[in-house]
Amino acid sequence: MRPGLDPTLYLVTDTALSRPRTVADVVRAAVAGGVTTVQVRDKDASRRELYELTLAVRDALAGAPGVALFVNDAVDVALLAGADGVHIGQDDLPPAEVRALLGPDRLLGLSAGTTAEMAATLALPPGTVDVVGIGPVWATPTKPDAGTGLGPGGVAALAARARAAGLRTVAIGGIDAARATSVTGVDGVCVVSAICAAPDPEAAARALRSAVGTAVAR
């Protein structure tokens, strides 16, 4: 049985932006402020470093059993570290093969930022993907290769197609508390710098959670 997933406020970690604090400390504070899902991402880390980072974040979530833990890209790390799932992009391993590696009891997230990518996602066998990350909503320096922004309207259009197929969706890219209120039609929003770079991650998460609660309900 797959873990529960509440994607309302989805945090993707960034080791550099979190400094001088540890990623685990930022995650712990962010969850106290209302983060509901965490994805461990560090493109510069070795597999061993990513594994150790995932274990540290898993320990930080020990007191928050309802918060799902994803690992970005690395299926092996997700399995070894006992994460709840893995999130992959369009250039990573094929989703069907990743699902086969994960088995039926873990979550799989997939990025989709174009009509063609969404069509390919919806053509996958039922049960392959659990949540689709749609974006970028706005261009963002944390992922400069993600392309130009779709805007809230573009995200909502793609999200409507995913929702019609029974998939949950999160919007990502350039979202902060002020912008979150204009992102609608999704099940949640995904942020990086809005929390990782904030002086007070707990307060930043609380402000985002309040804004997201208003937006996704529409």
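See the values below:
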{"quantity": "Only one of ALA68, ALA81, ALA96 that is in contact with a Pro (Cβ under 8 Å, 6 or more places away or on another chain), under 23 Å from VAL192 (Cα atoms) and of a type in the set (A, V, I, L, M, F, W, C)", "calculated": "ALA68"}
{"quantity": "Total residues in segment 74-92, condition surrounded by 15 or more Cβ atoms within 10 Å (Cβ to Cβ) and part of a loop (DSSP other than H, G, I, E, B)", "calculated": "5"}
{"quantity": "Single condition LEU50 does not satisfy, out of (1) free of Cβ contacts under 8 Å to residues at least 60 places away in the same chain; (2) under 28 Å from PRO141 (Cβ atoms); (3) not in a helix (DSSP H, G or I); (4) not basic (Lys, Arg)", "calculated": "(3)"}
{"quantity": "Residues within segment 157-207 that are out of contact with any helix residue (DSSP H, G or I) (no Cβ under 8 Å at 6 or more places or on another chain), surrounded by 24 or more Cβ atoms within 10 Å (Cβ to Cβ) and not hydrophobic (A, V, I, L, M, F, W, C), tallied", "calculated": "0"}
{"quantity": "Some residue of segment 13-28 being closer than 30 Å to ALA120 by Cα, polar (S, T, N, Q) and in contact (Cβ under 8 Å) with a residue 60 or more places away in the chain", "calculated": "yes"}
{"quantity": "Number of positions in segment 19-42 that are under 15 Å from the mean Cα position of the chain (by Cα) and either within 20 Å of ARG209 (Cα to Cα) or modelled with pLDDT under 95 (or both)", "calculated": "10"}
{"quantity": "Residues within segment 1-45 that are basic (Lys, Arg) and under 18 Å from ALA81 (Cβ atoms), tallied", "calculated": "4"}
{"quantity": "Candidate set: segment 51-62, residues that are more than 20 Å from ARG209 (Cβ to Cβ) and in contact with a strand residue (DSSP E or B) (Cβ under 7 Å, 6 or more places away or on another chain); chosen: the one surrounded by the most Cβ atoms within 10 Å (Cβ to Cβ)", "calculated": "THR54"}
{"quantity": "Some residue of segment 153-170 being within 21 Å of ASP14 (Cα to Cα), within 18 Å of the chain's Cα centre (by Cα) and not aromatic (Phe, Trp, Tyr)", "calculated": "yes"}
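The values are calculated or read from the model by the stated rules, or taken from the named source; none is laboratory data. Since the structure is predicted, the reported quantities are computational estimates derived from the model, not experimental observations. For neighbour counting, all protein chains shown are included, and Cβ atoms are generated from backbone atoms with ideal geometry for every residue, glycine included.
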